[in-house]
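Here is the structure we will look at, set down as structure tokens.
The values are calculated or read from the model by the stated rules, or taken from the named source; none is laboratory data. Model, not experiment: these values are computed from the prediction. All Cβ positions, glycine included, derive from the backbone under ideal geometry; neighbour counts span all protein chains shown.
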Amino acid sequence: MKYLIIALMWIAYGLIHSLLISLHFSKWAAKGMGRYFAFYRLAYNVFSVILLIILLQYTKTLGTELVIKFLPPWTILQQGLLIASSFVIVWAFLSYDFLEFTGIRQIIEFRKIENEDFTIPKTITKKGLLGIVRHPMYLATIVFMWSLNSTWADILVHLILTGYIFIGIRLEERKLVQQFGSAYTQYQNDVPLLIPFTKK
């Protein structure tokens, strides 16, 4: 029963996370909040991080017996994968506009917002890792998760999050095509989805 509860909690987290960042919900929120929508991104990020920390802490209470445990000499591979994936996550994060990604820039420019219309970005970021693979942070997250020593609860969460990532990528791709049209379609043709140096 405890594993069913944790599974439902993580699935609910994924659904809420996707709903709040979806294009349709964002437009709806922008209409209702008007110029105060400038605070939405930061509030969303804070809410997501707090909820994530709570879920991670609860997952730790379900048991400490490791089912997946890297032993020498495989610990060398494990450490290499953890370091490499962490580096990729940081590098990918730096490819974005940090202030805009966190929602700080929107608040800084709060006074400049004169209407209630929700506007979406008009350019696609292709610098850094985003010029090699479209979703480097997702790839690195998957590698990082499965490189950890894990309990049964961890494995269950990793399976759910891996599935969520693959579903989320497809939904995000659809949203980005709606946002950018042919520009993103061309980006899809030029840059691989998840695995670098492969075809679309």
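Within the stretch 120-149, track down each residue that is at pLDDT 95 or above, outside any loop (DSSP other than H, G, I, E, B) and more than 12 Å from the chain's Cα centre (by Cα).
VAL143, PHE144, MET145, TRP146
Looking only at the stretch 17-42, count every residue that is among the aliphatic types (A, V, I, L, M) and loosely packed, with under 13 Cβ neighbours inside 10 Å and tell me the total. Spell out how you get there, then give the answer.
Keep residues of the stretch 17-42 that are among the aliphatic types (A, V, I, L, M), which gives 19-21, 23, 29-30, 33, 38, 42.
From what's left, loosely packed, with under 13 Cβ neighbours inside 10 Å: 19.
Counting residues in the stretch 17-42 that are among the aliphatic types (A, V, I, L, M) and loosely packed, with under 13 Cβ neighbours inside 10 Å gives 1.
Give the residues of the stretch 160-198 that are crowded, with 16+ Cβ neighbours inside 10 Å and of a type in the set (Ser, Thr, Tyr), sorted by residue number.
The answer is TYR164, TYR184, TYR187.
What are the pairs, 6+ residues apart or on separate chains, where a residue within the stretch 23-45 that is in contact (Cβ under 8 Å) with a residue 40 or more places away in the chain has its Cβ under 7 Å from a residue that is in a helix (DSSP H, G or I) and among the β-branched types (Val, Ile, Thr)?
ALA38/ILE107; PHE39/ILE107; LEU42/THR102; LEU42/ILE104; LEU42/ILE107; TYR44/ILE21; ASN45/THR102
Could you figure out which of (1) at pLDDT below 95; (2) among the polar types (S, T, N, Q); (3) closer than 22 Å to ILE21 by Cβ isn't true of THR162?
Here THR162 meets the rest and fails (1).
Looking at the stretch 35-51, is at least one residue over 26 Å from ILE169 (Cβ atoms) and aliphatic (A, V, I, L, M)?
The answer is yes, given that some residue of the stretch 35-51 is over 26 Å from ILE169 (Cβ atoms) and aliphatic (A, V, I, L, M).
Take LYS2 and tell me if it is touching a residue at least 60 places away in the same chain (Cβ under 8 Å), out of contact with any His (no Cβ under 8 Å at 6 or more places or on another chain) and within 20 Å of PHE110 (Cα to Cα). Let's see the steps before the verdict.
Details: touching a residue at least 60 places away in the same chain (Cβ under 8 Å): yes; out of contact with any His (no Cβ under 8 Å at 6 or more places or on another chain): yes; within 20 Å of PHE110 (Cα to Cα): no.
In short, no.
Of everything in the stretch 76-110 that's touching a residue at least 60 places away in the same chain (Cβ under 8 Å) and not in a helix (DSSP H, G or I), which residue is surrounded by the most Cβ atoms within 10 Å (Cβ to Cβ)?
Here the answer is GLY103.
Kindly provide the set of residues from the stretch 176-200 that are in contact with an Asp or Glu (Cβ under 8 Å, 6 or more places away or on another chain) and not in a helix (DSSP H, G or I), ordered by number.
LEU193
Condition (residue is in contact (Cβ under 8 Å) with a residue 60 or more places away in the chain, part of a loop (DSSP other than H, G, I, E, B), surrounded by fewer than 12 Cβ atoms within 10 Å (Cβ to Cβ) and polar (S, T, N, Q)) applied to the stretch 53-64: is it met by at least one residue?
The answer is yes; a qualifying residue exists.
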